[in-house]
Ligand SMILES: Cc1ncc(COP(=O)(O)O)c(C=O)c1O
Ligand SMILES: Cc1ncc(COP(=O)(O)O)c(C=O)c1O
């Protein structure tokens, strides 16, 4: 850990534009079949050009405002704060259209896809949140949508499958491998190879080949940018002492962190014990990027396990791996029991039933409050990435 | 209809403060057991005092903003507008916390209850939306909550029952009568009689004894006030030609209409064919107020039937009965088939899966667009009262 | 002063404690036999409920009775026709029902029909004094006494108004709750009766929850009499025949007449 | 120039069309027998897949084969040990696998292990040329040829770079898709082979979807040879023994040798 300070000082400004070939330190890159290199390059070029275009940004900002309900509020968790002895502010992505932060990214990519002349979106989904968001954006912009979903998830998430179909999307059950998110992602990539000229692959988190981790973070940074302004108005210190978000692939966390990377705020990513790519993973390459993955000694990828379907991914976005290397963010884990208890506690204290993914962040704050990690009196911004409606059936089983 | 103009001219300004004893023309009033008169009077006094207090209003406005996500956006329905030949703007109550406009009213009443020193909220609920909203507001303000729900609805809406319990509310199944909303409302009133000193009855719509219809309309007028401002920014004409909302008890419609009562906008309330108190009901008294109710020749109340649980009420708020008498608003009906088709169409065109209640308003616009009622080229504000997540299981059965 | 109030005052003034039993009209095919049994057991007035689909002030027993009667096909018209068949009884008949049935064809028509059926009183539990003007006029016009209800929560000036405007008697609600039997009479009950008798010399009947002779005696210490409803209907729903109800009321009558026994 | 490329060039220059069959290492207990059958049938090189849990560029057949091999307990170490047992074959062995397995202990260690096991070539389908520096150095250091893939979507300057930096041969991907048998070879396939041969004199093998002698002949018209994978593995998964696969390849060999026949 002695090296940390030097590394940090030497590091380029954290969370800026990634280095050459989409690198975040040692991580990132574009490890895709040659057949997809050109497609990725086109996405990158189109994104860089669009992102530099105030017209595109304005169009996206308008969609986010009039369709998705941005800005989302910053809610002081009065009662939980009093109980925990810290000042806890919740960034309410659960109030965004379709119920989570996923819509921010998806509207950005859908708009980009339309600008690129693509007529169809491809997406992978686990619990179905990203799939529903993609189907939503596609409907809104008059695009088609094909969503790949592990066969097991199709069975477990019948309601979301129906929502996607109602929104006009085609849902393709994936029978390969473990028949869950990891395999749906592989299948979406395979499918993209054949249709890259007409379809855009709408990746759901800060994962995938370059430029996806950067692009998705930029589309999600609206969370952090808004929260930064809102904290400035809500806190005497303007900037919170701690910034906390759950991490699956890491998009809500990346979007949140991006707003605070240049502040003294400590950044915390909370992972599921059984899907802790950043906290417990080892360097590797999957789905087009180099990062940290749960894997065995041979390099075979492990299946992730979490009560929160959205955290059921064995890896983590490359920028998180880099932030961990830099020591700029820290990654911690909570277990399923802590998560369900935290969900109930937040519901009772604040009248908010969080997504089980988001409850991971809450669980860690509950555990850490008052400890050396999160001393009493701290101010904490927590991104509540989604609402718990989708998880009620799961909770009914376990509570 | 020749009398209309005269009546309208002679009428007091529509949607102002109700007349003596909570009257809206012939309707309203306070037809409650003597044991509840004092409780109603206390609520009225407390409400009038609070509503005149900028401190209370400020506190409520803050809660609505930081907790419930207000203002909700006004979304131009681009694609559906083009298809229908009218300009359709959606007021997005589906994006409010807990998924519908119900939270607006409930936060107001919960804040009032706390101000009155009450420690518990009582509520009736049908599908569970108002119950979830009440449980939410109670949790947020540290109050207890008891929610009465027909036994049949408890079975049909298991997820919402669980949500309420997770939020800390007690859910009481009502075994009386038809075991649905009407009976839950009766039971909530019976229960209130015994505990009025310590508990506040949080009525879920613009129904009930005075001051509820007025108070709930005032708490919901935030919909109309926001929409009025948003329309002024979005429409060259500033005011839409038509304002449309679904009507169960009528709270989202009343809140919406309140923002446009003093404009030339035509007001349309859309009811379920099987629950059309305003369109098909006859004068009567139930649940503490005089209004229009579905009933037989003897005066026995009919059970309502709608695919949308929230419209499954045999009456309508007294102010709607009055607006109908005045000719200031018109009430129309759509059937279940039109409603499910409209829900699917909105999903596909705009990426929004509406609550089946809200889909009633959409269905009517789809039917009427281009007709004499809603001529081509009209501008239409439609309040989308809630999101369809709760209805996906129902839709899966019928589609 | 109409027939009902005249009769009740006279009996009270004669030192008798008043007993008004209740039956849900139409609960059985021969429901009027219950009224006859009430009369035989010494009832001073008989309350007949016209069942309503949504009896918001009733507890489970009378809810169930109303539901059963409606399921059997009971209608306001039918119940009033039954009443007309009781013209030979020398006991005032008091109809109780909810606003919606009174207002369906308007209170004037409803009260005229009551009169025609031989009823001399009317109770409408969801019609508080503030809303009672029209119904009171209609009742007065038909020569029917509209009895108003008072509750333990009613503040003093309002209680005075209710006592003043009530006709026939004042119906003192014994507790903050719905109809239904209770194991004990609360302290609010007799206190309310006392408050009313201090404001008006109109007969005061205490109701809600009175189910045993002991409770009736206790209630009648401050009130002029009692209403017994759910305690009867619970038995009727369990299958008790008119003579069995008669026996139950006879015991109550005796206790009221001789509280020391 | 390492062993693999030297051999392939020599054969090509001698006018022979090259045949590189593929087998998933560990797919059966005696999987190396398939490699022996390949050699016996006239393979010019043998591709051995080291199965990976998430084969994102493979179609259902090789996915299934990888899954089956892993379920049987196949590991990179085990597959390489199997390779070492094939040292007596006079056919270059080319290992194909995904980045993650190459990078697990680092490409230097991986390539050294390949070398030790007797492999002379390496294919990593998710390692495009831009990311290949370190692996290329490691392979070169170990004397292993890292063959790069080119696809119909690869633009001209990039194709030149791939052709230049590839070692052993250039792997021309016949179509925009995953591995797996196809009913016909698309026009993109031979066009790509032609584009590459115009840029470099390194042998060009066309792969993905080649499943019949006719397709092989067609492919070899512009390319220097073919890779046959899924067509073999489909048979293996269906239970075909090494001699049956040998017969299948013999037919292909004959067609390549005598396209006119
Ligand atoms: C509500 C919610 N939060 C978090 C996640 C995890 O994704 P990420 O780490 O990219 O934010 C998901 C993924 O489905 C989600 O639905
Ligand atoms: C989404 C939604 N819309 C409308 C209604 C009907 O209520 P109201 O007519 O009071 O707006 C409900 C009631 O539950 C509802 O949940």
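Going by what's in this entry, would residue B:285 be described as within 14 Å of chain C (Cβ to nearest Cβ), closer than 28 Å to residue B:37 by Cβ and in contact (Cβ under 8 Å) with a residue 24 or more places away in the chain?
On the way: within 14 Å of chain C (Cβ to nearest Cβ): yes; closer than 28 Å to residue B:37 by Cβ: yes; in contact (Cβ under 8 Å) with a residue 24 or more places away in the chain: yes.
Yes.
Return only the number of the condition from (1) part of a loop (DSSP other than H, G, I, E, B); (2) farther than 29 Å from residue B:260 by Cβ that residue B:72 does not satisfy.
Among (1) part of a loop (DSSP other than H, G, I, E, B); (2) farther than 29 Å from residue B:260 by Cβ, residue B:72 violates only (2).
Could you figure out which of (1) free of Cβ contacts under 8 Å to residues at least 24 places away in the same chain; (2) within 16 Å of ligand 1 (Cβ to nearest atom) isn't true of residue A:381?
(1) is the only condition that residue A:381 fails.
How many of the residues in segment C:132-182 are more than 10 Å from chain B (Cβ to nearest Cβ), surrounded by 24 or more Cβ atoms within 10 Å (Cβ to Cβ) and in a loop (DSSP other than H, G, I, E, B)?
Selection size over segment C:132-182: 5.
Return yes when residue B:74 is modelled with pLDDT of 95 or more, assigned by TED's automatic domain parsing to the domain that holds residue B:378 and either away from ligand 1 (no atom under 16 Å from the Cβ) or in contact with a strand residue (DSSP E or B) (Cβ under 7 Å, 6 or more places away or on another chain) (or both) and no when it is not.
On the way: modelled with pLDDT of 95 or more: yes; assigned by TED's automatic domain parsing to the domain that holds residue B:378: yes; either away from ligand 1 (no atom under 16 Å from the Cβ) or in contact with a strand residue (DSSP E or B) (Cβ under 7 Å, 6 or more places away or on another chain) (or both): yes.
Against the criterion (modelled with pLDDT of 95 or more, assigned by TED's automatic domain parsing to the domain that holds residue B:378 and either away from ligand 1 (no atom under 16 Å from the Cβ) or in contact with a strand residue (DSSP E or B) (Cβ under 7 Å, 6 or more places away or on another chain) (or both)), residue B:74 qualifies.
With the condition being in contact with a strand residue (DSSP E or B) (Cβ under 9 Å, 6 or more places away or on another chain), within 15 Å of ligand 1 (Cβ to nearest atom) and on the phi < 0 side of the Ramachandran plot, I'd like the strands (runs of 3 or more DSSP E) fully within segment A:78-184 carrying at least 2 qualifying residues. Even if it seems obvious, please write down each step before you answer.
Numbers: elements: A:87-92, A:120-125, A:144-150, A:170-174.
Here the list reads A:87-92, A:120-125, A:144-150.
Conditions (1) within 14 Å of residue A:98 (Cβ to Cβ); (2) buried (at least 24 other Cβ atoms within 10 Å of the Cβ); (3) not assigned by TED's automatic domain parsing to the domain that holds residue A:47, marked per residue:
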| site | (1), (2), (3) |
| --- | --- |
| A:140 | yes, yes, no |
| A:153 | no, yes, no |
| A:163 | yes, yes, no |
| A:173 | no, no, no |
| A:190 | no, yes, no |
| A:196 | no, no, no |
| A:225 | no, no, yes |
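Within segment A:190-222, can you find the residues that are assigned to a loop (DSSP other than H, G, I, E, B), more than 14 Å from chain D (Cβ to nearest Cβ) and more than 11 Å from ligand 1 (Cβ to nearest atom)?
Narrowing segment A:190-222 to residues assigned to a loop (DSSP other than H, G, I, E, B): A:196-198, A:202-211.
Those left that are additionally more than 14 Å from chain D (Cβ to nearest Cβ): A:202, A:204-206.
Of everything in segment A:190-222, just one residue is assigned to a loop (DSSP other than H, G, I, E, B), more than 14 Å from chain D (Cβ to nearest Cβ) and more than 11 Å from ligand 1 (Cβ to nearest atom), namely A:202.
Which residue, of D:257, D:224, D:243, is modelled with pLDDT of 95 or more and buried (at least 24 other Cβ atoms within 10 Å of the Cβ)? Before you say what the answer is, go through the steps one by one.
Values: D:257 fails: buried (at least 24 other Cβ atoms within 10 Å of the Cβ); D:243 fails: buried (at least 24 other Cβ atoms within 10 Å of the Cβ).
Matching residue, one of D:257, D:224, D:243: D:224.
Confirm whether residue A:159 is surrounded by 24 or more Cβ atoms within 10 Å (Cβ to Cβ), more than 10 Å from residue A:125 (Cβ to Cβ) and within 14 Å of chain B (Cβ to nearest Cβ). Outline the logic, then answer.
Values: surrounded by 24 or more Cβ atoms within 10 Å (Cβ to Cβ): no; more than 10 Å from residue A:125 (Cβ to Cβ): yes; within 14 Å of chain B (Cβ to nearest Cβ): yes.
Spelling it out, it is not the case that residue A:159 is surrounded by 24 or more Cβ atoms within 10 Å (Cβ to Cβ), more than 10 Å from residue A:125 (Cβ to Cβ) and within 14 Å of chain B (Cβ to nearest Cβ).
Residue by residue through segment A:357-371, note down the ones that are away from chain B (no Cβ under 12 Å) and surrounded by 24 or more Cβ atoms within 10 Å (Cβ to Cβ).
Initial filter on segment A:357-371 (away from chain B (no Cβ under 12 Å)): A:357-358, A:360-371.
If the condition is that a residue be away from chain B (no Cβ under 12 Å) and surrounded by 24 or more Cβ atoms within 10 Å (Cβ to Cβ), then A:357, A:358, A:360, A:361, A:362, A:363, A:364, A:365 are the ones that fit.
Yes/no matrix, rows are residues, columns are (1) modelled with pLDDT of 95 or more; (2) closer than 20 Å to residue A:209 by Cα; (3) not in a helix (DSSP H, G or I):
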| site | (1), (2), (3) |
| --- | --- |
| A:13 | no, no, yes |
| A:21 | no, yes, no |
| A:32 | yes, yes, yes |
| A:38 | yes, yes, no |
| A:42 | yes, yes, no |
| A:47 | yes, yes, no |
| A:55 | yes, no, no |
| A:59 | yes, no, no |
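Would you pick out the residues in segment A:302-316 that are within 12 Å of chain D (Cβ to nearest Cβ) and either closer than 14 Å to residue A:354 by Cα or within 16 Å of ligand 2 (Cβ to nearest atom) (or both)?
None - no residue of segment A:302-316 is within 12 Å of chain D (Cβ to nearest Cβ) and either closer than 14 Å to residue A:354 by Cα or within 16 Å of ligand 2 (Cβ to nearest atom) (or both), so the list stays empty.
So residue A:387 clears everything in (1) within 16 Å of ligand 2 (Cβ to nearest atom); (2) away from every other protein chain (no Cβ under 11 Å) except one condition, right? Which one?
Answer for residue A:387: the failing condition is (2).
Among the candidates B:381, B:346, B:374, B:323, which residue alone is touching a strand residue (DSSP E or B) at 6+ places or on another chain (Cβ under 7 Å), away from every other protein chain (no Cβ under 12 Å) and within 30 Å of residue A:134 (Cβ to Cβ)? Write out each step before concluding.
Numbers: B:346 fails: away from every other protein chain (no Cβ under 12 Å); B:374 fails: within 30 Å of residue A:134 (Cβ to Cβ); B:323 fails: within 30 Å of residue A:134 (Cβ to Cβ).
Being touching a strand residue (DSSP E or B) at 6+ places or on another chain (Cβ under 7 Å), away from every other protein chain (no Cβ under 12 Å) and within 30 Å of residue A:134 (Cβ to Cβ) holds for just one of B:381, B:346, B:374, B:323, which is B:381.
Going residue by residue through segment B:223-241, is there one that turns out to be within 13 Å of ligand 2 (Cβ to nearest atom) and away from chain A (no Cβ under 14 Å)?
Checked against the condition, which is being within 13 Å of ligand 2 (Cβ to nearest atom) and away from chain A (no Cβ under 14 Å), segment B:223-241 yields at least one hit.
When segment B:384-399 is examined, which residues are found to be more than 16 Å from ligand 1 (Cβ to nearest atom) and surrounded by fewer than 24 Cβ atoms within 10 Å (Cβ to Cβ)? Write out each step before concluding.
So the first thing to find is which residues in segment B:384-399 are more than 16 Å from ligand 1 (Cβ to nearest atom), and the list is B:384-386, B:388, B:390-399.
Within segment B:384-399, B:392, B:393, B:394, B:395, B:396, B:397, B:398, B:399 meet the criteria.
Can you pull out every residue in segment B:242-261 that is in contact (Cβ under 8 Å) with a residue 60 or more places away in the chain, more than 22 Å from residue B:333 (Cβ to Cβ) and within 16 Å of ligand 2 (Cβ to nearest atom)? Spell out how you get there, then give the answer.
Within segment B:242-261, the first condition is being in contact (Cβ under 8 Å) with a residue 60 or more places away in the chain, and the residues that meet it are B:242-258, B:260-261.
From what is left, the residues that are more than 22 Å from residue B:333 (Cβ to Cβ) are B:258, B:261.
Selection gives B:258 alone.
Just wondering, is there one or more residues in segment B:367-380 that are within 16 Å of ligand 2 (Cβ to nearest atom), farther than 22 Å from residue B:204 by Cα and modelled with pLDDT of 95 or more?
Taking segment B:367-380 as the starting set, the residues that turn out to be within 16 Å of ligand 2 (Cβ to nearest atom) are none.
Scanning segment B:367-380, I find no residue that is within 16 Å of ligand 2 (Cβ to nearest atom), farther than 22 Å from residue B:204 by Cα and modelled with pLDDT of 95 or more, so the answer is no.
Matching residues to (1) within 16 Å of ligand 2 (Cβ to nearest atom); (2) modelled with pLDDT of 95 or more; (3) within 11 Å of another protein chain (Cβ to nearest Cβ):
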{"site": "B:62", "(1), (2), (3)": "no, yes, yes"}
{"site": "B:79", "(1), (2), (3)": "no, yes, yes"}
{"site": "B:83", "(1), (2), (3)": "no, yes, no"}
{"site": "B:98", "(1), (2), (3)": "yes, yes, yes"}
{"site": "B:104", "(1), (2), (3)": "yes, yes, no"}
{"site": "B:108", "(1), (2), (3)": "yes, yes, no"}
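One residue is enough: does segment D:183-203 have a residue meeting the conditions under 16 Å from residue A:33 (Cβ atoms), part of a helix (DSSP H, G or I), in contact (Cβ under 8 Å) with a residue 12 or more places away in the chain and within 11 Å of chain A (Cβ to nearest Cβ)?
So far as segment D:183-203 goes, yes, one or more of its residues are under 16 Å from residue A:33 (Cβ atoms), part of a helix (DSSP H, G or I), in contact (Cβ under 8 Å) with a residue 12 or more places away in the chain and within 11 Å of chain A (Cβ to nearest Cβ).
Residues that are within 17 Å of residue D:144 (Cβ to Cβ) and more than 9 Å from chain A (Cβ to nearest Cβ), at least 2 per element: which helices (runs of 4 or more DSSP H) completely within segment D:48-104 meet that? Lay out the reasoning, then the answer.
Values: elements: D:60-71, D:76-84, D:99-104.
Result: D:76-84.
The values are calculated or read from the model by the stated rules, or taken from the named source; none is laboratory data. All values derive from a computational prediction rather than experimental measurement. In this analysis, Cβ positions are derived from the backbone assuming ideal geometry, glycine residues included, and neighbour counts consider all displayed protein chains.
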